[in-house]
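What follows is a short report on a single structure.
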Amino acid sequence: MTSGAQTEEVAARPTPPQRVLPTAVVALLVAVLCALAAGLALWSLHRMLEPPAGVDALLVALALVALLPLVPAVRAFGDDRRRARHLAAGRLAPARHEAASGREHAHTAMGYALAVLVCAGLVWFTTANDGAITTTFLRWEFLRSSFANVLDAFWINVEVAVGAQLLVLVVGLVVAVMRLLPGRAGRPLRWLAIAYVDTFRAIPSIITLYLVGFGLKLAQVPFFKDLSPVWLAIIALTLTYSSYVAEVYRAGIESIHPSQWAASRSLGLSYGMTLRTVIVPQAVRRIVPPLLNDFIGLQKDTALIGVMGVTDAFAQSRLTASNVFNLTPVIVVAVLFVLITIPQARYVDRLLAKEQIRTGRS
Amino acid sequence: MTFLEIHDVHKSYGEHEVLRGVSLEVAKHEVVCLIGASGSGKSTLLRCINALEPIQSGEIRVAGDVVSGLGVDVNRLRRNVGMVFQSYNLFPHMSVLRNVTLAPVRVGGRSRAEAEEQALALLDRVGMKDKAGAYPDALSGGQQQRVAIVRALASDPQVLLLDEITAALDPELVGDVLAIVRELAQDGLTMLLATHEMGFARDVASQVCFLHEGRILERGTPAQIFEDPQEDRTRQFLARVLASGRL
Ligand SMILES: Nc1ncnc2c1ncn2[C@@H]1O[C@H](COP(=O)(O)OP(=O)(O)OP(=O)(O)O)[C@@H](O)[C@H]1O
Ligand SMILES: [Mg+2]
């Protein structure tokens, strides 16, 4: 009886649709203001660059993009009108639907408009002080003249990075396995591994580079004294980054549940075989993201190999920059580093996604 | 002939003595069920037999050979002793077929083709042949446990240790898995199993052992243990099990 009455009461007074108009008005205002700001920023960029027609067309296109947030803002008003119509006719569910869609549109407009505002701010910053910032960091002619030089030198960075990364993968794993060796027999090796990690993780890589780069030559260490500076750089970075990566491996190996060890050992697989076929393959999948982090760190640290007298991209760009009193060549190096990093990040994302699909794990 | 001999085994974790002198003989083709309250040491005993845990004193013999203590080739022992776990413990990065063929190929030294042929035959027996290419995470608990049994069988063990293999399963999946164990028992496979499924223990066991606080308090045929228990503890335990509707 009572519950029946309650249901009726609820049915008689369902929740009304939310209001849309205030949000829509705010969204429209924000979108308009942000578009204006973007227009002003682009205008001052145009005045500063006095660019050729092609670039001007690009600026116009950007201005049009800055207007895009107006589209959802206007649609929010359309939704509001339909909401009112449904509400007047007593159709509550459709009215609620339109209200939700209207607020979603308004929020979208504000989100995109704020993004436009941030970009406009950046553009405005580059044109500030009568474009002094831009002329210091970005000048077409220096960009063109230094690009080939810097790119040439950048191959040394790539060479060092790839060489060190390959070595780090192996050395890091060896150190990690040493650190995980069981029993009394494994103790000295465990200690060695710990000492190594503690030491080289603490020393700034620029110091390791310096010591390896000059020290091994100075001391006439056999074999090492005949190595090219590029190889010495690879060795120094391997020393530093193997200590990081060993810890990544160890965390990955220890994160595999002990029941996997039990299952594998109970099948008669030896310690080493279990590590190789059961534990490490599972650990590797988990450590790919942190590994990529360390690899990107390593890539960036190749910009330090200038201290051992190798002319890498950064050293080259500084040379050029001091010749022309302009930092554009250095910006070129920075952009090159970004360009090689992004594909790696996306590749790892794809790898993980594919892996997930293959093993059906969510 | 006694195939598995456990003599006065003591096992502690630190201060905590989990097994306090367990002795047990299992003859070939026998099926022995370990029952007892949670924490009584059933899993620990099975893990000790498989040398997954070292024991402090006592002796374990498989086929007449001492397999506890120093200097034992545990990998060879484990080829004779298969184990199935409560939580399946399949290798998630390998397909069902690779899970099953791993030990025969890597440890048994069989060719991949031969191992796969045998694996598929075994999978077929438990109704999992069409899932040979699937990964464990795409299988139900019951399916995973059936694969885990096949994985243990693929090494042709002389004795199979089963640790509450249905405890993690939904009730409607328990039957499938138990049916397989029942079939293995009929084929004459020697098995030692910890279980909470008393009805099943009564059906398949040739011997039931009641474990209490690290000791085998009472042992006998299912009829003796379930119909006419001598010890008070056994009676209390069975009464509790009965009350929870598992007998
Ligand atoms: N790795 C370990 N370290 C310390 N104590 C442990 C360890 N494994 C088990 N124990 C202890 O040993 C005792 C027996 O555990 P065990 O797993 O053998 O019981 P069980 O009879 O299998 O119980 P259940 O029916 O719940 O599986 C418990 O008190 C437990 O806390
Ligand atoms: Mg247990």
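Can you tell me the relative contact order of region B:26-122? Whole percent, Cα pairs under 8 Å, sequence separation 6 or more.
Working: 50 pairs, mean separation 12.5, N = 97.
It comes to 13 percent, rounded to a whole number.
Could you check which residue among A:Leu117, A:Leu87, A:Leu292 shows the biggest mean-square fluctuation in a GNM of chain A with a 10 Å Cα cutoff?
With Cα springs under 10 Å in chain A, the top fluctuation among A:Leu117, A:Leu87, A:Leu292 is at A:Leu87.
Could you tell me what percent of the DSSP beta bridges with both partners in the protein assembly as shown are antiparallel, to the nearest 5? Spell out each step's value before the answer.
Numbers: 21 of 39 bridges.
So the antiparallel bridges amount to about 55 percent of the total.
Could you give me the radius of gyration and the Dmax of the protein assembly as shown, taking only the C-alpha atoms into account and expressing both in angstrom?
Calculated on Cα positions, Rg and Dmax stand at 35.5, 103 Å.
List the residue ranges in chain A for DSSP H helices whose C-alpha atoms run 18 angstrom or more along the long axis and whose Kyte-Doolittle average is 0.0 or above.
In chain A, the long hydrophobic H runs are A:21-49, A:53-67, A:92-137, A:140-180, A:187-202, A:229-254, A:280-301, A:328-359.
Rg to Rh ratio, region A:103-175, alpha-carbon atoms and Kirkwood radius? Show your work: numbers first, answer last.
Numbers: Rg = 21.9 Å, Rh = 17.0 Å.
Answer for region A:103-175: 1.29.
Need one word for chain B: rounded, prolate or oblate. Basis is the Cα gyration tensor (sqrt eigenvalues a ≥ b ≥ c); a/c below 1.5 gives rounded, then a/b vs b/c decides.
Numbers: a/c = 1.89, a/b = 1.32, b/c = 1.43.
Oblate.
Which FRET efficiency value, to the nearest 0.05, do you get for B:Asp203 and A:Tyr347 by plugging their Cβ-Cβ distance into 1/(1 + (r/R0)^6) with R0 = 56 Å?
Numbers: r = 56 Å, r/R0 = 1.00.
Once rounded, the FRET efficiency stands at 0.50.
Only Cα pairs within less than 10 Å get springs; with that Gaussian network setup on chain B, which residue of B:Glu114, B:Glu164, B:Glu25 has the largest fluctuation?
Judging by the Gaussian network model, the answer is B:Glu114.
Going highest first, how would you order B:200-211, A:329-340 by mean Cβ packing within 10 Å? Write down the numbers at each step before the final one.
Working: B:200-211: 21.1, A:329-340: 17.4.
Ranked from most to least packed, the peptides come out as B:200-211, A:329-340.
Under the definition of partner shielding as Cβ atoms of other protein chains within 10 Å of a residue Cβ, what is the mean value for peptide B:86-97? Display every interim value, and only then the final one.
Working: counts 1, 4, 2, 9, 2, 9, 10, 12, 5, 2, 0, 0.
Shielding by partners across B:86-97 averages 5.
Considering the zone a paramagnetic label at A:Gln18 would reach in this model (a point 7 Å from Cα along the Cα-to-Cβ line), which residues of region A:91-134 have amide N under 11 Å from it?
Within reach of a label on A:Gln18: A:99-107.
Can you give the average number of partner chain beta-carbon atoms within 10 Å of each beta-carbon in peptide B:100-107, as a whole number?
Working: counts 0, 0, 7, 6, 2, 0, 9, 5.
Mean number of neighbouring Cβ atoms from other chains: 4.
Values quoted throughout were computed directly from the atomic coordinates according to the rules given, and no laboratory measurement underlies them. Please read these numbers as outputs of a predicted model, since none were measured by experiment. Ideal geometry is used to build each Cβ from the backbone, glycine not excepted, and the neighbour counts take in all protein chains shown.
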